[in-house]
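Inspection log for the structure reproduced underneath, given as structure tokens.
The values are calculated or read from the model by the stated rules, or taken from the named source; none is laboratory data. Just so it is clear, the structure is predicted and the values come from calculations on it, not from any experiment. Glycine gets a Cβ as well: all are built from the backbone with ideal geometry, and neighbour counts include every protein chain shown. For the accessible areas, the whole protein counts, side chains as well, though only heavy atoms, and no ligand, DNA or RNA atoms are used. Shrake-Rupley method; radii C 1.70, N 1.55, O 1.52, S 1.80 Å.
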Amino acid sequence: MAEVGGNTVKKAKRLAADPFRHSRGFPDAGVVIVEYGDFECPYCARAAGILRELVNTSDGQVRQVFRHFPVFDVHPYALTAALAAEVAGAHGRFWEMHDLMFANQDKLADKYLMGFARAVGLDADLVVGDPAQPYGDAVEDDYAGAAQLRVEGTPTIFIDGVRYRGRLELGPLRSAVARAGSGSSRLSAGGRPADEPSADEPSADDGADRRRRRAPWSRR
């Protein structure tokens, strides 16, 4: 509770985001791939098509989950793009927005995000500015989870909770999926990969340094 102008008001309750809210493939697929990505990262753009093909050609055996890790100190549009994707996701259009932004990665300013929104059937004004700000909590949840796992670059991929360290190519990914098999996932009960990589692992990010970043929404 809080006092405002002599009146007692309730603070808005913050709800944690569903960590599996952005997934494609069969929900009961035997192998779950979790990607931490940034819409302005060129390596993520390349990975997007590869992961899509991996899911589409897996005969229902692979489910892909996307989580946000905007590298905002290198990519000026990464955070606003993540917010736009969250808005689209709230209207059932996440993957359409995801694919459009990665296909047009050099056009992520607000006017382009508004155009992408119209292209997927959304009100353009919803995905930028003040209307998009409440979706920052969901992006923050993903970012915080990534920080706990010492994710430092994008894309970072986990296959059944184990960090993937191979090449981002269809063949090696298929081999890794085959090794993971169709057994139970090693994802934690909270939906986070159970793997705890060491802090001195190299980053996959395109040019970002390896210091622990402070998110722009952080008050710490």
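At-a-glance table
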| item | result |
| --- | --- |
| Any chance Gly161 is touching a strand residue (DSSP E or B) at 6+ places or on another chain (Cβ under 9 Å) and modelled with pLDDT under 95 | yes |
| Condition broken by Val4, with the remaining ones in (1) more than 30 Å from Asp125 (Cα to Cα); (2) modelled with pLDDT of 95 or more satisfied | (2) |
| Residue match in segment 119-129 (condition: modelled with pLDDT of 95 or more, of a type outside the set (Val, Ile, Thr), surrounded by 15 or more Cβ atoms within 10 Å (Cβ to Cβ) and in a helix (DSSP H, G or I)) | yes |
| Unmet criterion (only one of (1) among the small types (Gly, Ala, Ser); (2) surrounded by 15 or more Cβ atoms within 10 Å (Cβ to Cβ); (3) outside any loop (DSSP other than H, G, I, E, B)) for Ser175 | (2) |
| Qualifying residue in segment 127-137 (condition: under 23 Å from Val74 (Cα atoms) and touching a residue at least 60 places away in the same chain (Cβ under 8 Å)) | yes |
| Every residue from segment 54-63 that is under 18 Å from the mean Cα position of the chain (by Cα) and open to solvent by 30 Å² or more (accessible area, probe 1.4 Å) | Arg63 |
| Test: residue in segment 103-110 that is touching a helix residue (DSSP H, G or I) at 6+ places or on another chain (Cβ under 9 Å), within 14 Å of Tyr77 (Cα to Cα) and touching a residue at least 40 places away in the same chain (Cβ under 8 Å) | yes |
| Selection count where residues are outside any loop (DSSP other than H, G, I, E, B) and open to solvent by 10 Å² or more (accessible area, probe 1.4 Å), scope segment 130-155 | 14 |
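For every residue, the table says whether it meets (1) part of a loop (DSSP other than H, G, I, E, B); (2) open to solvent by 20 Å² or more (accessible area, probe 1.4 Å); (3) not polar (S, T, N, Q).
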residue	(1), (2), (3)
Ala45	no, yes, yes
Gly49	no, yes, yes
Val65	no, no, yes
Leu83	no, no, yes
Val87	no, no, yes
Gly92	yes, yes, yes
Trp95	no, yes, yes
Asp99	no, yes, yes
Asp106	yes, yes, yes
